[in-house]
Structure formats: C-alpha cells, structure tokens
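The values are calculated or read from the model by the stated rules, or taken from the named source; none is laboratory data. None of the values given here were measured: they were computed from a predicted structure. Neighbour counts are summed over all protein chains in view; Cβ atoms, including those assigned to glycine, are modelled from backbone coordinates with ideal geometry. Side chains included, ligands, DNA and RNA excluded: accessible areas come from the protein's heavy atoms. Shrake-Rupley method; radii C 1.70, N 1.55, O 1.52, S 1.80 Å.
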Amino acid sequence: RKVKMISILLMSNLFLVVVASDLVVYQKLREINFALRTELNVLVDIEDSFTFQGLDTSRIQLSSKSSKALNLRLRGNFTSQALIIVQLMDFGLEPKVANFLPLLLDRLNELHILFLTKKDPEFLQEELYAYCYKEGFINVILIHNDRLYSYLPYPSIQPIKLANVSEYLKRGRTVRNFQGYPVRILRSRITPRDFEYYNDRNELVRRGYTFLAANEFLDRYNASLTSVSLSEVPRTDYEGYFAVIRMALEKEVDFICYYKDLRLEWDIPYTEPLSIIRAYFIVPHARPISSYLYYSRPFRWTLWLVVAFTVFYGALMLYLGSGRDRNEIGKCLLYSLSHILNTCNQAIRTAGWRDQLIHVILTLGGFMLTNLYLATLSSILTSGLSEPQYKTIEDLADAPYPSLHDELYLKIFRENTFLPEALRLKAIAIDVTLLKAYRETLNSSYIYLSFEDRLELSLMQQDLLKTPRFDVIRQGVTYSLEGFYVSRSLPYLGLVSEFMCRLQEHGIHMKMKRDTFWVMVEQKMYKLMRDEEPPAKAFDLQFYYFAFALWFVGLAISLVIFFAEIYYSSF
C-alpha cells in the first residue's frame, strides 16, 4: 500500500509540474499575443494541447511531415499579424522543420517566430540563432518555462536573456541600429542608376540615384558599405545576367541597384515596389525639310487653290465689269494678282461703281492673305519645319532607323508580338558598353528602348536645344517595378522597403536624380547640348528655289496669255 501511495503521490506531483509548466507557457503566450497584436498563431508540428486551447487568438496547425508541406505558403491576410510557434526537440530544431520554415515564410522572414523548449537552452541557442540569421529570421523569441531569450544580430550574433515581453519590444528598436555591420552592394555600371568614376584627386567615387538611396539607408541605420564585384568576369551579356542571379540566390550579395524588370523571370526577392516604371521608345526628331519648301508651307494646298481661284475669278470679274472698254484679259489678271499680293499699282481707270467695288474687295482680300502669309512664314522661319513626327509605335515600323539592344533584351524584344513585325526585324544587338555610349550621347542614327527613369536623365541633356534631338513615344512597351533586387531571406527586407518609401514620399528621390545628372555633367558623361547653328543665319541659294520656280511659272503663264491675245486680236 505504501508503494502505491508513493507512486500516486509522484504521479500527482509530476502532473502538477506539467500543468504548472503549461500554465506558465500559456501565460507567456497570452502576453506575447497581446503585445504583438497577433491575429493568427501558426503551430508548426505542435499538437493542439491545453496550452493553446485556452488562447483567444485564432490558430492553424501545419505539419512539416506532410506530403504537401513544400507547397505551403502564408499568403493574404495571414501575412500581417501572424506569430509562428515551433516546438524544439531535445537536440534542437528538427531538420524537416528547419527546411520547412524558409519555404513557409517565403519573403515573410520578418514575422515573429516563437520557439518552445523543455530543455535548458544554454547549449541550443548558438546553433539556433545562427540558423535563424542565415534564413533571415531576426524576430525570434525562445521560451523555456517562464524565461525568455532572444538574440541581437548586429554586428555579430549575441544571445540575450529577457526579463519580460517589454524588453523584447525594446529589442525591436535596437536591431534597427546595424552598428557598422557590412552590407554588400553589387558594383554595376548601370548609368545613371549606379556607376563609378575617378574624381580630380584620382579617387574612385560611386554615384547613381539608386546607389545614393541605398547609401542613404546605410547611413541612416549605421551600416557600412562593402562593394562586391562579379565573382567571375562574364564573356557575354548572358553570362553577366546569370552571374548576378547566382550571387543573389547564394547570398553573396545583399543589394542590387537594379529595379525589378517584369520581362525577366528572375526568382529573386525585391523590396516593396513604389511605382510602375514604363519602358518607352525614343526616336530621332523628324528631319528638317528643305528650305526651298518653306514658301509653300504657310498655306495648305486647299488654301493655295482658293488663292488661285480668287485671282482668276477677280480677273474675270474685272474683265466682265469693264463694260464697253473691254480691258485686256492679261491686264485684268495682272490687276487681280497685284491686289492679292498687296503690291502697288499705277492709277487704274474704273468703268463704274461695280468695277470700283471689285477692286476694293480684291484689295481687302489681298491685304489679309498677304499679312497672314508673311506672319506664318516668319514664324516657321524662326522655329523651323520638319518632316512628320513619329507619334506611335506603328509609325516606327516605317522609320529608317534600327533599334539597339543587348543580347538578352533582343531575344525578349523579338518575342514581343505586341510590336509590329517590321520593327522587330530591324532590331539589332550590340555590346552593352557601346549601347550605353550611343544612348547616353543621343546618337541619332538609332532608336532606343529603355525605362523612363533612365530616359529622363538622358533627355535632360537637350533641355537647352531649340529643337530636341529625340522624341519619346509615350506608349508603354514593357514595365518594371520600382523595387530593388535583394538577396534571398534578407533579414532587413521590410526595413529597406519602409525607408525607400519614405524617400519617395518626401521627394528626396527626385533630388537624388537631379544631383546625379549634374554629377554626370561635371564628369563629362553627359553634356548640356546647344544648338550648333547660329540663331540668325543667311539664307542659302536653296532657299530661293521656290521663288525661282514661281517666277518661271509666272513667265510661262504670261507668255501663254500673250500668244492667246495675239491669236484673238487677229480675228
């Protein structure tokens, strides 16, 4: 009986210890859920025990051993206020759970994760925290009975013991200080986003508005910069792109100063997009027309017909209204033309009030037409005239210019069935360095396709020109998201997205673009283009071709009329 009593007492004490331990964990979970405003508890390989049944927070249970575990992801409303709860084994984190968590929290690695352990975590923490930081989990709580633990990731992993949940919330502000932790940013030559040059003191300087934004983030959160080059020199453009992908996936680099391009199916994480950036064509401005055509351009052909009809109609009215005097038809035509051209005449004899009225009407009409013509001609001589502009993508199919691309984008460009086939066939691929040089110097022998943020700075070079060198076809060809590429499981991804959003909202990003432009002008990468021709130039012989042709036509008409009058006078 004594043995039975002792065993019953031991069992009851053990039960009380287990229940007391569960009650302590239950209380801590309630505090953490309340402090973090948790809306969902995600239980990973944990049975729905008494500890969780009393919680007010909604919960779901997931198993890493399930055949569908690799396809499970947190999406939708579950991504905002979720708390991930994981039970540790005596030896630490189970390998299946370690593989499952990064997949479950894809691009959600900044959610809070709560690890439960029944064993003293003294020997578990180092390995657990190293795993967490590698996978980008920095918001981590470790609970053992009534004790709370966590770690500080910067500048190196430091396990800490927390007195209560409030200290964990204060830790969230502490981890925003990187304490000189190095952030690796890929060195690139994507002007004007990110580029390098040597200044007057022969120092290597890195600039570009996307780099300036990233560097501002480093300064704000007390991090240090480590510029990373490609691990191997690519022989082709393809190899260069694939090398960047590999470095991002293998976490050899943290930041890439390049926006998320929707044409490239790269499975690389990126910051929250701030806007949609369109890719536009820029095409050389229409060529100027020959100067001898300027005389004919003030009026359209329909108005020229009206002027010609008015001259002949006025001559006919003068001829019929001359009465018995019957003025010669040639003289009447000369009078009518003189009135329309608003030139001086000798004293004209009139046969009556009808004849006078015809002269007055022709004089007024000639005065208005002549002044309108001269004003329009003066205007187009000042501004210049060009051939019809290319206004749509369909117009570019008939343009005599090929479009330039690099190898990768040429393949994507030719697969774009949205574009006219003639335009796609005229596309050619050249070296990336040469392509950038042509586009940035606005070489007017080609058409270029680029995103509007890069085109904006390139086209600022022509702000001082009377006539621009290039025009933008405002039809989006493709799109990118204004979000930086980053390495997989970046621990501070949300922090970067938040900071970039602030730069955009406060207009700082626009100032960075302007500063980058002037830096490139100072370094002679860009230049402020000016008109090569003087503002006032003498007209060359070609300008008078139309006047000579008109004079010749007048002589021919007068000669025809002269012979006609001789012919009729003989009868």
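Summary table
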{"item": "Single residue of K96, K118 found to be touching a Lys or Arg at 6+ places or on another chain (Cβ under 8 Å) and surrounded by fewer than 19 Cβ atoms within 10 Å (Cβ to Cβ)", "result": "K96"}
{"item": "Some residue of region 173-182 being crowded, with 17+ Cβ neighbours inside 10 Å, of a type in the set (V, I, T) and not in a helix (DSSP H, G or I)", "result": "yes"}
{"item": "All positions within region 236-253 that are more than 22 Å from the chain's Cα centre (by Cα) and of a type in the set (D, E)", "result": "E239, E250, E252"}
{"item": "Check on K161, more than 26 Å from E252 (Cβ to Cβ) and not in a strand (DSSP E or B)", "result": "no"}
{"item": "Candidates C332, C257 - the one that is at pLDDT below 80, buried (at least 19 other Cβ atoms within 10 Å of the Cβ) and either outside any helix (DSSP H, G or I) or among the hydrophobic types (A, V, I, L, M, F, W, C) (or both)", "result": "C332"}
{"item": "Cβ pairs under 7 Å, 6+ apart, first in region 377-392 and in a loop (DSSP other than H, G, I, E, B) and exposed (fewer than 13 other Cβ atoms within 10 Å of the Cβ), second modelled with pLDDT under 80 and of a type in the set (S, T, Y)", "result": "none"}
{"item": "Restricting region 393-405 to residues that are in contact with a strand residue (DSSP E or B) (Cβ under 6 Å, 6 or more places away or on another chain) and assigned to a loop (DSSP other than H, G, I, E, B), the residue that is least open to solvent (accessible area, probe 1.4 Å)", "result": "Y401"}
{"item": "Region 336-376, subset at pLDDT 80 or above and under 22 Å from Y292 (Cβ atoms), residue surrounded by the fewest Cβ atoms within 10 Å (Cβ to Cβ)", "result": "A375"}
{"item": "Boolean, L435 is in a helix (DSSP H, G or I) and surrounded by 17 or more Cβ atoms within 10 Å (Cβ to Cβ)", "result": "yes"}
{"item": "Enumeration of residues in region 84-136 that are more than 23 Å from K161 (Cβ to Cβ) and among the hydrophobic types (A, V, I, L, M, F, W, C)", "result": "V97, A98, F100, L101, L103, L104, L105, L108"}
{"item": "Residue in region 280-301 that is farther than 21 Å from R107 by Cβ, open to solvent by 60 Å² or more (accessible area, probe 1.4 Å) and part of a helix (DSSP H, G or I) present", "result": "yes"}
{"item": "Count - residues of region 225-254 that are open to solvent by 50 Å² or more (accessible area, probe 1.4 Å) and either closer than 14 Å to L186 by Cα or not in a loop (DSSP other than H, G, I, E, B) (or both)", "result": "16"}
{"item": "Filter pass, V521 being over 30 Å from F255 (Cβ atoms) and not aromatic (F, W, Y)", "result": "no"}
{"item": "Test for L493: is it on the phi < 0 side of the Ramachandran plot, under 34 Å from the mean Cα position of the chain (by Cα) and at pLDDT 85 or above", "result": "yes"}
{"item": "Total residues in region 482-513, condition crowded, with 20+ Cβ neighbours inside 10 Å and β-branched (V, I, T)", "result": "2"}
{"item": "Condition met for T478 (touching a Lys or Arg at 6+ places or on another chain (Cβ under 8 Å), surrounded by 10 or more Cβ atoms within 10 Å (Cβ to Cβ) and in a strand (DSSP E or B))", "result": "yes"}
{"item": "Within region 183-195, tally of residues that are open to solvent by less than 60 Å² (accessible area, probe 1.4 Å) and part of a loop (DSSP other than H, G, I, E, B)", "result": "4"}
{"item": "Tally of residues being touching a Lys or Arg at 6+ places or on another chain (Cβ under 7 Å) and closer than 18 Å to T478 by Cβ across region 387-415", "result": "4"}
{"item": "Residue match in region 448-456 (condition: without any contact (Cβ under 8 Å) to a residue 24 or more places away in the chain, over 16 Å from H285 (Cβ atoms) and surrounded by fewer than 17 Cβ atoms within 10 Å (Cβ to Cβ))", "result": "no"}
